[in-house]
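First the structure, in the form of structure tokens, and then the observations on it.
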Amino acid sequence: MKDDDILDEIRKTRQEMDMFMNEMIGFSRISLYKHTYYNPPIDIYETSKEFIIKAELPGMTKDEIIISIADNVLYLKGERKIEEKGKKLEMCYYHMEINYGPFERRIRIPRNININKMKISLKTGILTIILPLKAKIMKRIEIQ
């Protein structure tokens, strides 16, 4: 298991424990200053012609998302911020299940990707990255 996967599991377990404790003791004040992380759920699949990645990023705009590729790894970064306008000192949450905070997902992609023809769209909170696969070329080798 990779370090990122282990950290994601620890964060997820912590969130589940927080939710359980809130249900057991009722509503409690939640500090907006606690450091939280957002771990956007993703789907990854491949067709005969494309490698496709989808990520749930509700409430985010394309300017808040950074996508880069290096060494056959696609990096998806950003920060999901709390939308409320007022001053943080005036706000007091009693229950908070929506996750906010910085995130970074690393996705290993196949080597036979045509990066120059990739397509990225963000519609109704779903980021879709389509990476076309290069055509597989079969070369006949003569027996000598």
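The values are calculated or read from the model by the stated rules, or taken from the named source; none is laboratory data. Keep in mind it's a predicted model, so treat the numbers as computed, not measured. Backbone-built Cβ (ideal geometry, glycine too); neighbour counts: all protein chains shown.
So the values come out like this:
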quantity: Candidates Ile129, Ile113, Ile141 - the one that is more than 24 Å from Arg14 (Cα to Cα), hydrophobic (A, V, I, L, M, F, W, C) and at pLDDT 95 or above; calculated: Ile129
quantity: Failed item in (1) at pLDDT below 90; (2) more than 12 Å from the chain's Cα centre (by Cα), with Tyr38 passing the rest; calculated: (2)
quantity: Residue match in segment 57-69 (condition: surrounded by 11 or more Cβ atoms within 10 Å (Cβ to Cβ), farther than 21 Å from Gln15 by Cα, among the hydroxyl-bearing types (Ser, Thr, Tyr) and modelled with pLDDT of 95 or more); calculated: no
quantity: Residues being under 21 Å from Ile82 (Cβ atoms) and aliphatic (A, V, I, L, M) - total across segment 95-125; calculated: 3
quantity: Near pairs, Cβ below 8 angstrom, 6+ apart or cross-chain, from segment 107-125 (over 17 Å from Tyr45 (Cβ atoms)) to any residue that is of a type in the set (Val, Ile, Thr) and assigned to a strand (DSSP E or B); calculated: Ile115/Ile69; Leu122/Ile65; Leu122/Thr128
quantity: Within segment 81-110, considering residues that are assigned to a loop (DSSP other than H, G, I, E, B) and of a type in the set (A, V, I, L, M, F, W, C), the one modelled with the highest pLDDT; calculated: Ile109
